[in-house]
Structures are given as structure tokens and as C-alpha cells.
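The structure appears below as C-alpha cells.
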Amino acid sequence: MAITKTNFIHFTRCPRYASLAELKKERLEADISYKEYKQAELQENLSEIIGSMYEINEETGEETDLVDKVNRQLEAMMDYYKLVEKEAGRISEKTFGGKSIFAEKTKDQECFDFSMHGIKYKCYVDIYNENAQGINIIEVKATTSKKYKELMAGHKKCDKYSIWEKINNINYLKGELSHYDLESEMPLKDYEKHKHKFFDRYRLGQYVYDLAIQRYIIEHEYKSTHTEEKLKNFHYYLGVLNADYIFDGTYDNGNPVYNVDVNGNELITFFDMTQITEEYQKFVDADRERLEYYLNDLDASPYPLGEYCGFKKQSGCKFFNPICGKRIPVKNSSLSYIHNGFGFVDESGERRKGLELINEGYLQMLDVPETWITKKAHLIQRNCLEFDRVYVDKEKIYNGLKQLKYPIYHLDFETMPCPVPRFRGEWPYIQSPFEFSLHIEREPGICDKEKDNIVFLAKTHQDEREEMIKLMLEYMNPDEGTLFAQNVAFEKARIKEMAKIFPEYRVPLMKLYDRGFDLLWLVNTNSKMYMDLGYDEERAKTFNFYDKRLSGSFSIKKTLPVFSDLKYDNLVVKNGTEAIVEYANYEKMSKEEYALKYQALLIYCQQDTWAMVEILNALRELVKDLSKNGENVVMFT
Ligand code: SF4
């Protein structure tokens, strides 16, 4: 075993990692085979895909339990990852010219290594390209360009501009282009502030750090062989999925053909990180020193939790859940206070937030001193837990329920956030719907689980979206009623995307879009809606319902057991992630397994909308004794 790039990243997280990984010092000089290296990298890369899928879910506010990740999910994404690698190789040849070495073409990758202090450092390069200008080292990541391109700045009251300029499918930092008049677009300090974000290896700089380690290994190999003059013409790039790319739907022999799109975009775009990775070298060198110290020390004693643990991130440390973070209570921990990103300020004015609370022994929700609590919502959470009470603002729920128009269309989509677009009009990681369930409630409480339910589920991986839209519009009248969902922003976003891709259905789809209402507005709140209804700001902002079983979350997984006896544990498909896996694996299934899983997907999605019907009924029941005059009932029961 040598120290690979992936090991380097993990072993420099903290002093404890190396000893927990049970690394034996004597193995460090030994080599690692290409197969072993690729296998380890593949696991990391597939994890990144899952991470990117959920990053996008997080934008919609949909809660996903990353801890539930299983290898089957990773395997389901394998084919898509291979496609990203293949396309990156093809497009890099087009973009850079010259000759390239990459696994998809040569079944091999260019390898670099050097030894220092008895440790062998080794990396394989995703794409090694040699053209007239020099050597181009390209690291391919199945993430999108969005997070880089949206680094924008501008002068006061003027337009904002990206800090990147794209020339022939390569993005350059504007400050590094000699001809570029950067100051006319943005203050230089804002540009530098954005650029600085690439030096945060646990956030935006994650992939740049990865590339900087490769550069470190490459440069040390050349230095150790006294051929460093060759390094002058090395350039370092990240190759990522282009967030602006729109697929035209071309297929050849059942395989997608990713032509240049109507706006001239390629599926993969490149970011020149040559300058940044050079600036990174001193940090990588310091990390290499730390790594060697950790490997010599092998100290397994507990280490404070921190950003390096990657808590709740797909790229997080594998020892967090089983070992280091194990003492965090699963329910009602000090981390379960709602919207508490800024933490608490103690009597002396010192602020503690997130994992700092855990490090200092404030594990349970009630461990946080009451004198630190300033928000009404946090006090309610505490009281519900301490005195085993339920908080209900019946009046707000009652008035919220009055806003619903009938029929109520309880709608839920299952979507496939595929790294590469699959159908016409799609882009990387679009949440492409393959299933919906609809329960129609024509009058309050009048809805039959079977008779009033319509489920669409794609039978194949072919484009069945139009069929799905037609079925939706057959049963949903765009001119009446309410489009109802938990996290309705997610369902609305899918409807809007369909309206864009299928303009012939735009008018009715956008009418549905305008009728959205969120179940969370009744259980949690919607400040604007309640202020429009005449509530003062504090009450409008405070949730309508809280029970200690929610443990600081209004996800359907938490609210359902509070309001209903429905369970997911007994289902074959138990959550949205499993639904994606089953759908993604269609073509790998036997006929019998396909029939079983198809049925399981139908039942799972149906349960999602039936759960909303049950919760809505439970809320009506909760406020049924409220007088029509709207007597104020805010209470703990
Ligand atoms: S969970 Fe955190 S403290 Fe524990 S080994 Fe990993 S990085 Fe270190």
C-alpha cells in the first residue's frame, strides 16, 4: 500500500484517522496495483455522484439521510459515471488537441510517484494530454460547473459578472487573463474573496485540493529525477459536467450522442486551475508533513469533531458514525434546535455552534443552558421535550386549512437526478421524473386510498415524460383546486421544467404551478401567508405544531408517525433513494425481479401521497373544536 491521492485526503483530516484505519507503517513503502487504485478511486467518485445528487435535493429543502447510503446505490450509478469519464476523454481531445492517455481509451492511465521519508506517494491521472502548448493534466469530476460559475461579483448597483471567462470550452480566471479589464466589472477585493474560496479544501476547494495533490506528486517525481525543467509547460484542469448544457435527445444504437448544444456548449467543460494549484503547493506540503507525523504517532485518542469530519456530507469521514460521532444522540440532541446555524451565545458572550457544542459535552437538547436560549421556537422545542407536551397553534392551522381550494391534488414525483442528461431538453443532474402518485381529495376528508389514486411509473428507461404529462393533465384540472405536496417547491420546479421542455403543455402546467400549497405551511409555517392573514411577524414565523418526536425536523419521515399509523418499514421500497436505485437497475433485473420491484415502486409512491391525505385529516381533527370566530388557541397539550 502506498499513499494515494485519496489516502492523502483522508489521512490528513485529523490525527486520529490513521490509527483508526489501522494502517501499518511497514506497508507504506509497498506499491498499490492499478486495479486496487482504480477500485478505491471508483468508490470515491461514485460517492461524489450521490453527493451531487443530494446537494441538489438540499436546494429544494428535501431532507435526505445520507447515512442510509448502501453500495447498491453506488453500483446503480456506475454506468453513468463511466459515461462521464468517457465523454470527458472524448471532449478533452476535441478541446486540447494533441494526444491523450485516459482509461476509457487506453485501458490505462498515466502514473506518477515519488518516495519521501519511507513513504511512497502515488497518483494516476484521469486524462494526460500532450499538445503543442505542453502537458495538460485533467482531473474529471462528476459534479457540475454551477458552483464555480455562480461565483459572481459586480460594482454597486451594476450587473454582476462571473469571475470566469470561457474561451473554447476552457474557463479561465479573469484575473489571470492579461487582456482582461477585470476592474471594469467588479471590485478586485470581491474577485479575490471568491478566488480565496478555492483554498477551503472542505468546501468549494474540495476538487481543487485533489488536483493540487496530484500536482504535488507529479512535481516531486520530476524533481527527484532531476527533470524539473519539463514542468514549465504543465497545466492543470478540472473537467466537470457543464451545467448549461442542454441535450438535444440524439441517440445512436440506443446510446446518447452528446453533440454540441444549440448554445455552443459541450457536455464537459474545463476549468484552468494551474495558478491556484501552484499557490496550493505550500499547503499540500504542510499537509504532507502533518500526514507523516500522524503516521508515526498513530494516536487513536479522541480528537475534537470539526469541519474535517464532513458531518452529514457524502464525502464525510467514514469513522464519524461508527466511532467519533457515536455519542451524538439520535434524537433531540443539541444539534436538533431548528434553524440554529449561528449557535448559542453564553453569559460571557462566547458563541458555540454545531459540533463545538458536542465537543464541549452539550450532547442532549436539554444540556444547553436555558439562559442561552433566545428564540421562541427553541424554547417551545425545549418545553415540549422537558415536559412531554405538544405545542399547537390551532388558530393558525385552522386559518391555513381555510386557504385550501378543492379538489386537493396530493402529488408526489419520484425523480432520477442523473449526472448525464438522458432525454431531450435535459441537463446534467436535472431531477427527471419517472413516477408520480396523485390522490384526489374532492371535499374535506373525502378521498379513497385506491379509487382516488392515479400512479404513473415509467416502464423502461425510454423517454416516457409526455405520456406522464398527459396522464397528469387528464386527472388534474389546471383551473381549479390546489396542487398539494410536502416541499411543494420541488413538485413545482419539476412542473416548470416540463413546461419548458414541452411548450405545447406550458399553459395548463403553469396554471397547476400557480396553485401550489405546501403541507409544511400547515405543520410548520409560511411567514408570508400568515402575515397576509393578519398575524404579527413573530407568530407568523413560529411553527404551528411541535412534538418532541419531530426532533427538530419537519420531514415526512418525522411528521408521519406523529399524525398517522402508516409505516414504511414493511415496504419493499422504503424511501426515495431506494426508488431511484430500483428504477436505475431496471435493465439489470430478471423478468421476475422487475415485476416485483415495479409493483413495489407503485406501492411506495402511492403511500407517499396517501401519507399526505392522512396528515391533512389529522390536522383537521386537531382543530375541529375551534370556534368559527377564530378564538385564539395557542396551546401546549
Ligand atoms: S470522524 Fe473526525 S475526528 Fe474522527 S477520525 Fe474522522 S475526521 Fe477524525
Charged-residue dipole, Cβ positions (Lys, Arg, Asp, Glu), the stretch 396-628 about Cα centre, Debye nearest 20: 500 debye
Taking the Cα atoms only, what angle lies between the long axis of helix 274-297 and the longest principal axis of the chain, rounded to 10 degrees? 90 degrees
Just name one of I127, Y505, A493: the one whose Cα is farthest towards the positive end of the charge dipole of the chain (beta-carbon charges, Lys/Arg +1, Asp/Glu -1). A493
Measure nothing fancy, just the Cα-based angle from helix 591-622's long axis to the longest principal axis of the chain, in degrees from 0 to 90, nearest 10. 50 degrees
Checked the stretch 432-577 against the a/c 1.5 cut and the a/b vs b/c comparison, axes a ≥ b ≥ c from its Cα gyration tensor; verdict oblate
Could you order the peptides 226-238, 410-422 from most to least packed, using the average number of other C-beta atoms within 10 Å per residue? 410-422, 226-238
Angle in degrees between helix 71-96 and the longest Cα principal axis of the chain, rounded to the nearest 10: 50 degrees
Tell me which residues come under 5 Å, amide H to amide H, from Y429 once H is placed; ignore anything under 5 positions away on its chain. C418, V420
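For the stretch 204-349, with only Lys/Arg (+1) and Asp/Glu (-1) charged at the beta-carbon, what is the dipole magnitude about the Cα centre, in debye rounded to 20?
Rounded to the nearest 20 debye, it is 700 debye.
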In the chain, taking the dipole from +1 charges on Lys and Arg beta carbons and -1 charges on Asp and Glu beta carbons about the Cα centre, the listed residue (P421, S224, G534) farthest towards the positive end is G534
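Leaving ligands, DNA and RNA out of it, report the carbon-plus-sulfur percent of the accessible area of the chain at a 1.4 Å probe. Mind dumping the intermediate values first?
Numbers: 14720 of 29460 Å².
Roughly 50 percent, rounded to a whole number.
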For the chain, build the charge dipole from Cβ charges (+1 Lys, Arg; -1 Asp, Glu) around the Cα centre, then report which of F199, N169, Y406 sits farthest towards its positive end. Y406
Relative contact order of the chain: what whole-number percent is it, with Cα pairs under 8 angstrom and at least 6 residues apart? 14 percent
Any of K86/K588; K574/K597; K331/K557; K160/K195 with alpha carbons more than 19 Å apart? Name them for me. K86/K588
So what are the ³J(HN,Hα) numbers for the stretch 519-524, from phi and the Karplus equation (6.51, -1.76, 1.60; θ = phi - 60°), rounded to whole Hz, Gly and Pro as x? 4, 5, 5, 8, 7, 8
Please sort 91-99, 474-482, 342-350 by packing, taking for each peptide the average over its residues of neighbouring beta carbons within 10 angstrom, highest first. 91-99, 474-482, 342-350
DSSP beta bridges in the chain, what fraction antiparallel, as a percent rounded to 5? 75 percent
The stretch 457-500 and the stretch 557-631 have their Cα centres apart by a whole-number Å value of 18 Å
Residue-normalised 222 nm signal for the chain, counting each DSSP H run of n ≥ 4 as -39,500 (n - 2.57), nearest 500 deg cm²/dmol, is -12000 deg cm²/dmol
So what is the accessible area of the chain per residue, in Å², with the probe set to 1.4 Å? 46 Å²
For the stretch 3-297, with only Lys/Arg (+1) and Asp/Glu (-1) charged at the beta-carbon, what is the dipole magnitude about the Cα centre, in debye rounded to 20? 460 debye
Please give the peptides 31-44, 495-508 ranked by average Cβ packing (other Cβ atoms within 10 Å per residue), highest first, as a rough proxy for protection. 495-508, 31-44
Could you tell me the ratio Rg/Rh of the stretch 3-297? Both radii from Cα atoms, Rh via Kirkwood. 0.96
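The values are calculated or read from the model by the stated rules, or taken from the named source; none is laboratory data. Just so it is clear, the model here is predicted, and its values are computed rather than measured. Quick reminder, even Gly has a Cβ in these numbers, built from the backbone with ideal geometry, and neighbours come from all protein chains shown. Calculation scope for accessible area: heavy atoms of the full protein, side chains included, ligands and nucleic acids excluded. Shrake-Rupley method; radii C 1.70, N 1.55, O 1.52, S 1.80 Å.
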